Amino acid sequence: MFKNLLKTYLLPIRTMSCFSHVMNPITGENTWQERADDYDYHQEVANAGFGDMLHDWERNQKYFAALRKTIKDMRAAGKEVHVLDIGTGTGILSMMALKAGADSVTACEAFLPMANCAAKILSDNGVGDKVQLIRKRSTDIKIGAGMDMPQRANLLVAELLDTELIGEGAIGIYNHAHAELLTDDALCIPARARCYAQVAQSPLASQWNSLKILPNLDGEALLRPPEQLKNCNGEAALHDVQLSQLPPGTFRLLTEPIEIFQFDFQRKEKREKQREKLLQLQSSQPGAAELVFYWWDIQLDDQGEILLSCAPYWAHPQLKELAASKEDRLPVANVVPWRDHWMQAIYYVPKPPQLVTAGQAFYLSCHHDEYSLWFDALLEAPAKTVRRHTCSCDLHMTYSRSRIGQLNQAIRNKRYLRYLEDSIVPKQSNVLVLGNGCLLGLASAALGAASVQLHEPHRFSRRLIDSIVQHNELKNVKYVEDVGQLEETELVALTHVFAEPYFLNAILPWDNFYFGTLLMKLKDKLPESVEISPCEARIFALPVEFLDLYKIRAPVGNCEGFDLRLFDEMVERSAEQAVSHVEAQPLWEYPCRALADPQQILNVDFANFSAEHNLQGSIELTQSGVCNGIALWVDWHLDKTNNAKSIVSTGPSESVVPGEFVKWDMFVRQGVHFPRKPTTTDLSSSAVEWSIDFKPLLGQLSFGFSQQKR
């Protein structure tokens, strides 16, 4: 009976459709797209991130252990145990508390789709009548007879943390809970959190934060960043990354990890919403204090015996024990527990001080407000509080971290510049550049082109590029907001149409096919002799076995003995409604083994961009493993030679070897398809069947994948 009712509950009740304003990245057009009235609901459910947390075995086991230990100790002290679970999600912590012996459990969840799901999960696990579920924020709960809770709780269990620790409002929520919802002697799980910083230097990571000089092929400066970029302090916001995946040798640690802040969640007094701390440190080796690596750990029990650390592998307190328990083929960076809901962060130092000798003293200024942190490093102690810094140069506020890094990527830039240096004829070439913030197209002006017209419809991007034009005294540059405004005389004079290509609205690599759409608007007016670069784009597919990334879409099933299949059904149903068949991910952060050789699945000729493609094929899996992902990317061909030095790839940075880990481009996101039911393969026994349908005029590019046993 209950199962049938649940199925009815899980089925979306569609009463009407609605229309959403959607920008198609390939056509560049705003269109009205019909969507079910419950689309937003499905999108929120599918992307809430609960599944990732439930796959975090260390989090689950240690929360459960802390509940058992704390409740046992409270009972031994003669106390009843009344638990409040804030942000219950699926109800997993409430069920753990009951199993650990709590006298009563109250759970609150403000996200109504999840609260409704939690009610069903609690009932399905036989505890629906033992957990009081409140469908509201904890800050709205009232205590007293006839109210939400009859009495204050004396044990709070919650998971209110994010990568920055306090970004989800933990400070305010704990302050309110202690003031309004908890007894004076209440305990909390987790009991405390400690935040850590480690100062480092990394030429690779610093590429994500500032614009470097663009050199020509001889190493001479071609474009120099203007003073406003040099003087900009950048953005204080964190750059959340899987720090353990930074390649060895690309960073130097200048200090040991330092504890910077502690948050006592059990303290009855209010937690401060704003603090600062000035630490005098000594460098362990010479270098520039460019970065602060940041993470935290939590002591889940009052005695601090149950510790969960989010440290990268080199600073993890249990690295040796974890390494001894893992398989030999696992990289050392992946022996520490994986999680995507709590990562690590990089904070960029505004003006990195140079530490010229080992042992040199310097100061690290650490700050937090109610929701975020920021840092600065200085050679002298500051006379006053260091204020949170913000971008003043347009670069950081206009482009993503990955795009800034891409602009500085030496190998990529050399391939474009090789084409330009071979193609541009000084004082004769007339170049139209299609893209946003296309510095390499601008470089053709520095190479002597007679004229360069930049398609820059976005105000901030155009303002940034213009500052570079003025600083480098380039006289032959003009801006074009709309290619339709180009005069016929200008078009027939063009010798080159060039793109990187990059557009601000692009998320997936092929979203930059907007280059082809712009070309189609000009095609009939361009001279036959015009050179178009890139001339082709090829999409490749690679079946892989992710070590961990697949967990963000994988069903949970059973978690610590509790049945969460209802949650899986709800998420799967919502994912079918609202999650793209292929999503963007920075794959360098998520190790995977190749199960086959890459296969080209689409070739787009930009001279004939309007041609439709409907293709299908099969990729033989040559390695045993679990095919839990299909990675996709674009190779841009700058000319027709097929020379490797004329191809710019958004995929692997080195040749793919089946059975080995893939090394990915670190400055772009690749596409990933996660199979609904991953297939375990043995040698030469399986294949991935694929199909692709591309309708350029409609901006529709769709993929199909299925796994077949041979």
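Here are some notes:
- Rounded to the nearest 10 Å², the accessible area of Met343 at probe 1.4 Å: 10 Å²
- Taking the DSSP beta bridges with both ends in the stretch 150-299, the antiparallel portion is around 85 percent.
- In the full protein context, the chain carries 43 Å² of accessible surface per residue, based on a 1.4 Å probe and ignoring ligands, DNA and RNA.
- Rounded to 5, the percent of DSSP beta bridges in the chain classed as antiparallel: 75 percent
- Heavy atoms of Trp314: accessible area, 1.4 Å probe, square angstrom to 10: 60 Å²
- Percent accessible area from carbon and sulfur atoms, the chain, protein chains only, probe 1.4 Å: 48 percent
- Solvent-accessible area of Arg565 with every protein chain in place, 1.4 Å probe, in Å² to the nearest 10: 130 Å²
- Reciprocal of mean inverse Cα separation for the stretch 510-631 (Kirkwood radius, Å): 18.1 Å
- Sites matching GluC sites (Glu not before Pro) across the stretch 586-660 that sit in DSSP coil, with at most 13 neighbouring C-beta atoms within 10 Å: Glu612, Glu654, Glu660
- The Cβ shell under 10 Å around Leu122 holds other residues with a net charge of 0, Lys and Arg each +1, Asp and Glu each -1.
- Relative contact order, whole percent, for the chain stands at 13, derived from Cα pairs under 8 Å and 6 or more residues apart.
- Largest to smallest in accessible area, the residues Lys326, Lys130 fall in the order Lys130, Lys326 (1.4 Å probe, all protein chains included).
- Loop-located trypsin sites (Lys or Arg not before Pro) across the stretch 427-486 with a Cβ neighbour count of 10 or fewer within 10 Å are Lys427, Lys475, with loop assigned by DSSP.
- Net charge over other residues, Cβ less than 12 angstrom from the Cβ of Pro534 (K, R count +1; D, E count -1): -3
- Of Lys551, Lys273, Lys120, the residue with the largest accessible area leads and the full order is Lys273, Lys120, Lys551 (1.4 Å probe).
- Correct choice for percent of Cα pairs over 50 Å apart that was computed from the model, options (1) 19; (2) 35; (3) 42: (1)
The values are calculated or read from the model by the stated rules, or taken from the named source; none is laboratory data. Computed from a prediction, not measured in an experiment: that's the story for all the values here. Here Cβ is always computed from backbone atoms with ideal geometry, including for glycine, and neighbour counts include all displayed protein chains. Each accessible area value is taken on the protein alone, full model and side chains, heavy atoms only, with ligands, DNA and RNA left out. Shrake-Rupley method; radii C 1.70, N 1.55, O 1.52, S 1.80 Å.
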